[in-house]
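The values are calculated or read from the model by the stated rules, or taken from the named source; none is laboratory data. Given the structure is predicted, the values throughout are model-derived calculations rather than measurements. Using ideal geometry, Cβ is built from the backbone for each residue, glycine included, and neighbour counts are taken over all protein chains shown. These accessible areas exclude ligands, DNA and RNA; they are computed on the full protein's heavy atoms, side chains included. Shrake-Rupley method; radii C 1.70, N 1.55, O 1.52, S 1.80 Å.
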Protein chains: 4
Amino acid sequence: MHKPRGHKIWYIPDGYIPATSAGSLTSHESICVLNCGAEDALLRITIYFEDREPLEDIMVVVQGRRTKHIRTASLHKEGQSIPVNVPYAIEVQSDVPVIIQYSRLDATQAENALMSVIAYPIQ
Amino acid sequence: MHKPRGHKIWYIPDGYIPATSAGSLTSHESICVLNCGAEDALLRITIYFEDREPLEDIMVVVQGRRTKHIRTASLHKEGQSIPVNVPYAIEVQSDVPVIIQYSRLDATQAENALMSVIAYPIQ
Amino acid sequence: MHKPRGHKIWYIPDGYIPATSAGSLTSHESICVLNCGAEDALLRITIYFEDREPLEDIMVVVQGRRTKHIRTASLHKEGQSIPVNVPYAIEVQSDVPVIIQYSRLDATQAENALMSVIAYPIQ
Amino acid sequence: MHKPRGHKIWYIPDGYIPATSAGSLTSHESICVLNCGAEDALLRITIYFEDREPLEDIMVVVQGRRTKHIRTASLHKEGQSIPVNVPYAIEVQSDVPVIIQYSRLDATQAENALMSVIAYPIQ
């Protein structure tokens, strides 16, 4: 009845976790996933770097008929997480179609800066 | 003569209404709808959350040959509206094709931050 | 030899010219057009409003193999231009394929806010 | 095994390198490229201007299974680079499919402004 919508593979080439926060908010990035279908979505996230091998197969579940705004700083696998102040890129594979938007709040300065994109889907 | 343009289903995974405003402007989000056709568009909006059932079937009309910039804080249905400071996602279904862009002004700090995306259309 | 690229119709639902500028920069929006082909592109711009008839057929030329970043405040036709502080939407039709991005610098506060989207193309 | 993903031609109509930086960060733009495939990607970048001939065939390599966040101010060819404070547009051609996002940090004021778009792909 509730159909899954979107795509199973999404990309975000510009990932970056600012190291510092000067205002009342904390710098962070979110991978915002919408799962319109009735079934849970199992996400498999790969992080690409400029100068080392990718960090692969970070798993996250998004329940059916729910959204989940995932902070990239919370992602980890076997003790590894994404370092701050390092350019990286994100691949999200899902077992069911989902829709993904990426947003960054940069609070390096006391006043905030925001950016957001709909991630790039592959059929 | 004036053809409707765009799609009938659009998604915005990253919805968020900031609770506070410190500057001369008020934090807000807008769902900006363009209806190029001659007929009115009847929108049916669903709000998805992280931890509760979706808020469904909020209805909005956009006249033909007009745009409407809808503040999400103004949406309500049977006394329910979107709470502030809560991550959510937006689905907009329209009975005729329309084009949708989403923008957020965050005035949590005295100086503003802006973000904007073209919503994600489903054929 | 130099092929035109992109689409002939593009939409930007969220247009807005901030009335005031407090910092060293001036609030403005730009419709950024890239014409990759050898021939000039003739643009026909329509402005849609919330509460009045569209302002139609504003004409702009973009030379071949050039970009043009058009300030919306500079658009006018028979003495009519886009009022400030009013929500509106933009349609750009071109006689040859072009690629269009829209950006806004909001300098209402002393510190700036930026947003940008690739406009929405119709085949 | 590791398939290349994305497209071979991408466009960013709104390029602009702010001349000044007032805060602790430096104004800059990045062309963020993700190369998911096993082979290196050879990029050929063309810069379009408003009032002069394009600057063509700037070459950049992105290794396989890596991302590269390329500062536009670092691009140069035969002593020519992109001038600051000048509107321009970017074309990126790659010999293998890649995915491209463009982001700008404007630190003209002490507090930062950010914008980002997924570049526009041509099949």
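Quick one: accessible surface of residue C:86, probe radius 1.4 Å, all protein chains present, in square angstrom to the nearest 10.
Accessible area of residue C:86: about 30 Å².
Taking the label point as lying 7 angstrom from Cα along the Cα-to-Cβ axis, what are the distances from residue A:64 to the corresponding position in the remaining copies, in ascending order and in nanometres?
Ordered by increasing distance: 4.0, 4.1, 5.7 nm.
Let me check the size of the range A:7-121 from its C-alpha atoms; what are the radius of gyration and Dmax in Å?
Spelled out, the Cα radius of gyration and Dmax of the range A:7-121 are 14.1, 42 Å.
Kirkwood Rh, the protein assembly as shown, all Cα pairs: how many Å?
Values: mean 1/r = 0.0440 Å⁻¹.
One over the average 1/r among Cα pairs gives 22.7 Å for the protein assembly as shown.
Take A:76, B:2 and sort them by solvent-accessible surface of the protein heavy atoms, 1.4 Å probe, largest at the top.
A:76, B:2
Chains B and C: what accessible area do they bury, summed, in square angstrom to the nearest 100, with a 1.4 Å probe?
2500 Å²
Per residue of C:96-103, count partner chain C-beta atoms within 10 Å of its C-beta, then hand back the mean as an integer.
5
Percentage of Cα-Cα pair distances in the range C:30-82 greater than 14 Å, rounded to whole percent?
Numbers: 767 of 1378 pairs.
Of all Cα-Cα pairs in the range C:30-82, 56 percent lie more than 14 Å apart.
With the contact rule set at Cα under 8 Å and sequence spacing of 6 or more, what percent relative contact order holds for chain D?
After rounding, I find 42 percent.
Is the shape of the range A:69-123 rounded, prolate or oblate, going by the alpha carbon gyration tensor and its root eigenvalues a ≥ b ≥ c, with a/c under 1.5 for rounded and a/b larger than b/c for prolate?
In terms of gyration-tensor shape, oblate.
Would you mind finding the longest exposed-site-free stretch of chain A, with exposed GluC sites (Glu not before Pro) meaning DSSP loop and at most 13 other Cβ atoms within 10 Å? Kindly include the intermediate steps, with their values, before the conclusion.
Numbers: sites that count: A:39, A:78.
The longest such stretch corresponds to A:79-123.
Determine, from the Cβ-Cβ distance of residue C:74 and residue D:84 and an R0 of 25 Å, the FRET efficiency 1/(1 + (r/R0)^6), rounded to the nearest 0.05.
0.65
By a straight-distance test (C-alpha under 16 Å), which aspartates and glutamates pair with residue B:3 as possible cross-link partners, with residues fewer than eight away in the same chain excluded?
Straight-line reach from residue B:3, under 16 Å: B:39, B:40, B:95, C:53, C:56, C:91.
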